[in-house]
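The values are calculated or read from the model by the stated rules, or taken from the named source; none is laboratory data. Given the structure is predicted, the values throughout are model-derived calculations rather than measurements. Reconstructed Cβ throughout: ideal geometry from the backbone, glycine too, with neighbour counts over all protein chains shown.
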Amino acid sequence: MIRKRAQEEIVGFVMIVLIVSVIAVILLGITLMHPKKGIEKESKEASQFLDSMLDYTTDCAISYIPAYKDLEGLIKECYNNPNKKCVSGENVCVAMNQTIKQIIDNSWNIGENSPYKGYVFEADYEENKIILIKKGICGFESIGAKNIGGSQSPTISFKLCF
């Protein structure tokens, strides 16, 4: 009788292990079936770049020279008044786009033979998209930074893709 009871306990233990194993395999299968979203890591380098970029003094003066706007001020100006012109006659939003592309292209080597295959630069203000600039291919993995604006400032993000 004692041997039979020990055998029953072993059989019960084996059944529990089998049930847990089957559940684990099912969960693993479900996890692998769903496509993974991209892995984005916060980057100190990208964060410092974004902060410096926003402080960059542009060639656009709104009211008089030498009152040149920094890039963050130009982004705000483009959102508040997209038809506004710089003293030079160039549209504020056009000047903003050109400046952003120029800074990123001169700062990061983006391309096929580079570790960075693409980038995405976005600026939103209260869920309204101000600007979206993409270049290259953004795959699965990326590094990035976000400058979260308050009620007076836009939320600006920059992502480098591998």
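Please find, among 99, 57, the residue that is surrounded by 15 or more Cβ atoms within 10 Å (Cβ to Cβ) and not small (Gly, Ala, Ser).
99
Pairing each residue of region 137-148 that is more than 12 Å from residue 122 (Cβ to Cβ) and touching a residue at least 60 places away in the same chain (Cβ under 8 Å) with any residue that is aromatic (Phe, Trp, Tyr) and surrounded by 12 or more Cβ atoms within 10 Å (Cβ to Cβ), provided the two are 6+ apart or on different chains, yields C-beta distances under 7 Å for 139/162; 141/162; 142/162. Please specify each residue of region 11-47 satisfying the condition of being surrounded by 10 or more Cβ atoms within 10 Å (Cβ to Cβ), among the polar types (S, T, N, Q) and modelled with pLDDT under 95. If the condition is that a residue be surrounded by 10 or more Cβ atoms within 10 Å (Cβ to Cβ), among the polar types (S, T, N, Q) and modelled with pLDDT under 95, then 43, 47 are the ones that fit.
Residue 110 satisfies every condition listed in (1) more than 17 Å from residue 71 (Cα to Cα); (2) of a type outside the set (Lys, Arg); (3) without any contact (Cβ under 8 Å) to a residue 12 or more places away in the chain except (3). Screening 122, 112, 77 for residues that are of a type outside the set (Val, Ile, Thr) and loosely packed, with under 14 Cβ neighbours inside 10 Å leaves exactly one candidate, 112. When region 125-159 is filtered for residues that are buried (at least 17 other Cβ atoms within 10 Å of the Cβ) and among the hydrophobic types (A, V, I, L, M, F, W, C), the ones remaining, listed by number, are 130, 131, 138, 143, 145, 156, 158.
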